[in-house]
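The structure under discussion appears below in the form of structure tokens.
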Amino acid sequence: MKLLLLGANGQLGLALLQQLKQPRQLQQRQQFQYLALNRSQLDITDMSAVATVMAQYRPDVIINCAAYTAVDNAELQAATCIAVNATAVGHLAKLCQQYNSLLLQFSTDYVFNGQSSKAYTEQDIPAPLNVYGQSKLQAEQSVQATCSKYVILRTSWLFSEFGHNFYRTMLKLAQRGQIIQVINDQFGCPTYAGDLAVIVLQLLQRYQQQGSLAYGIYHLAGNPAVSWYQFAEAIFAAHQLKVNLQAVCSTNWASPALRPTNSVLNCDGMANTFNISSPAWRPALDSLVAQF
Ligand SMILES: NC(=O)c1ccc[n+]([C@@H]2O[C@H](COP(=O)([O-])OP(=O)(O)OC[C@H]3O[C@@H](n4cnc5c(N)ncnc54)[C@H](OP(=O)(O)O)[C@@H]3O)[C@@H](O)[C@H]2O)c1
């Protein structure tokens with residue numbers, strides 16, 4: 001089975017590449033043929049270049065890890081964000097339909113407005129608060145409208161050894177020895193990109209074996225849910241770092257993009273359909289610490 005991995009130099013792209021090269025799970029040592037392209041090799045907004053790669057490589061699956069993920073900058077660069085996250089994904093969906101390829105797309109907890117008192121299920125109505133969330137919702141809708149074979153995984157609070165993420169930011173801030181202020185009234189599910197990569201490969205193996213999947217939108221995020229402040233506490237505790245950590249309220253934290261107060265994802269749909277449960281993020285954090 002041939003995979004086309006887009007956005008291969010991002011956090012999730014690199015985690016997937018690592019998993020494709022050296023699978024953590026023995027049963028995943030079955031090789032997939034893949035072509036991994038980063039932004040400089042293929043800009044997904046360049047529609048003719050994308051169409052050419054599709055026509056030449058004819059992938060069975062597109063795994064789209066390319067995205068505009070700078071949530072605050074997106075408020076100022078809405079057109080760029082929508083071009084990458086929504087318009088280009090709509091084009092990928094059309095090509096997948098044309099070539100009978102499976103589209104594996106990633107979406108976000110930020111499609112929700114955070115006003116619910118419960119964890120969000122796939123049946124809850126999205127109502128994004130910011131441009132990034134709107135662009136990702138638009139992508140979901142165009143994939144659903146265009147493509148017969150798709151899986152959209154909504155994930156949240158990705159962290160890993162790669163790229164820009166909250167985990168790495170906290171470690172950098174700790175080195176500066178200053179007070180670290182972190183929001184304590186927004187709750188979500190940290191998700192280790194490596195765990196997500198393992199699960200993606202499990203889904204692909206199933207697709208390869210069965211020739212189909214239960215297509216649709218699924219929530220896939222780590223557990224347990226915490227506030228950003230609690231996540232920071234866990235990071236510093238795992239690394240045995242003594243820092244001056246202060247909890248702050250989001251109303252006292254000026255940022256261009258509004259963020260949901262509660263973006264906890266209920267992952268029962270994934271468990272019921274695929275027997276894949278939400279990955280615990282603390283063991284992943286501990287294994288990252290062991291690498292330092
Ligand atoms: N990070 C999170 O906390 C989080 C939470 C929920 C959902 N998600 C979703 O999960 C997926 C993976 O996120 P991530 O954390 O891996 O993001 P990331 O680290 O920002 O990686 C995104 C990659 O996309 C590339 N890219 C941007 N514009 C492109 C374009 N026009 N053509 C081709 N590539 C382009 C970027 O290239 P450069 O390296 O050149 O910038 C980057 O390598 C995304 O769909 C994201 O929306 C992420």
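The values are calculated or read from the model by the stated rules, or taken from the named source; none is laboratory data. Given the structure is predicted, the values throughout are model-derived calculations rather than measurements. Here the Cβ positions follow ideal geometry from the backbone for every residue, glycine too, while neighbour counts run over all protein chains shown. Each accessible area value is taken on the protein alone, full model and side chains, heavy atoms only, with ligands, DNA and RNA left out. Shrake-Rupley method; radii C 1.70, N 1.55, O 1.52, S 1.80 Å.
Placing unit charges on the Cβ atoms of the charged side chains and taking the dipole of the chain about its Cα centre, the candidate lying farthest along the positive direction among Ser148, Leu129, Gln186 is Ser148. For the chain, take the longest principal axis of its alpha carbons; what is the angle in degrees between that and the long axis of helix 166-176, to the nearest 10 within 0 to 90? Approximately 40 degrees, to the nearest ten.
Here each label is just a point 7 Å from Cα along the line to Cβ, and for Gln123 and Met47 those points are 3.8 nm apart. Among 156-164, 78-86, 247-255, 280-288, the peptide with the highest mean count of other Cβ atoms within 10 Å heads the list, and the full ranking is 156-164, 78-86, 280-288, 247-255. Look at the alpha carbon pairs under 8 Å that are at least 6 residues apart: their mean separation over the length of the chain gives a relative contact order of 21 percent. Straight-line cross-link partners of Lys136 among the aspartates and glutamates, defined as a Cα under 20 Å from its Cα and at least 8 positions apart when in the same chain: Asp43, Asp46, Asp72, Glu75, Asp109, Glu122, Asp124.
Using the 1.4 Å probe convention, the accessible area of the chain works out to 45 Å² per residue with neighbouring protein chains retained.
Between Arg154 and Ser107, Tyr218, His219, Leu220, the built amide H atoms are under 5 Å apart, and every one of these is 5 or more places off in sequence or on another chain. Amide H to amide H, with H built 1.01 Å from N, Leu5 comes under 5 Å of Leu35, Ala36, Leu37, Ile63, counting only residues 5 or more places away or on other chains.
Say a paramagnetic label sat at a point 7 Å from the Cα of Thr251, along Cα to Cβ; which residues of region 93-121 have their backbone N under 18 Å from it? What the label zone holds, given the 18 Å backbone N cut-off, is 114-116. Over region 59-146, the Kirkwood radius and the radius of gyration, each from Cα atoms, give a ratio Rg/Rh of 1.00. Computed from the C-beta positions of Gln98 and Asn272 and an R0 of 30 Å, the FRET efficiency is 0.40 to the nearest 0.05. With a threshold of 21 Å on the Cα-Cα distance, the over-threshold entries among Lys2/Lys94; Lys21/Lys94; Lys2/Lys149; Lys21/Lys172; Lys172/Lys242 are Lys21/Lys94; Lys21/Lys172. For the chain, the longest principal axis of the C-alpha atoms and the axis of helix 47-57 are separated by about 60°.
Per DSSP H run of n ≥ 4, the term is -39500 (n - 2.57); total these for the chain, divide by its residue number, and report the mean residue ellipticity at 222 nm rounded to 500 deg cm²/dmol.
Numbers: 11 runs with 119 residues, N = 292.
That comes out to -12500 deg cm²/dmol.
Please find the FRET efficiency linking Lys242 to Asn73, where r is the Cβ-Cβ separation and R0 is fixed at 35 Å, and quote it to the nearest 0.05. That pair, Lys242 with Asn73, gives E of 0.60.
Each of the peptides 102-113, 46-57 was scored by the mean count of other Cβ atoms within 10 Å over its residues; in descending order, highest first, they stand as 102-113, 46-57.
Taking the chain as the reference, fit the longest principal axis to its C-alpha atoms, fit the long axis of helix 88-99 to the helix C-alpha atoms, and give the angle between the two in degrees, 0 to 90, nearest 10. Rounded to the nearest ten degrees, it is 30. Taking the Cα centre of the chain as reference, the dipole from Cβ charges on Lys and Arg (+1) and Asp and Glu (-1) amounts to some 580 debye.
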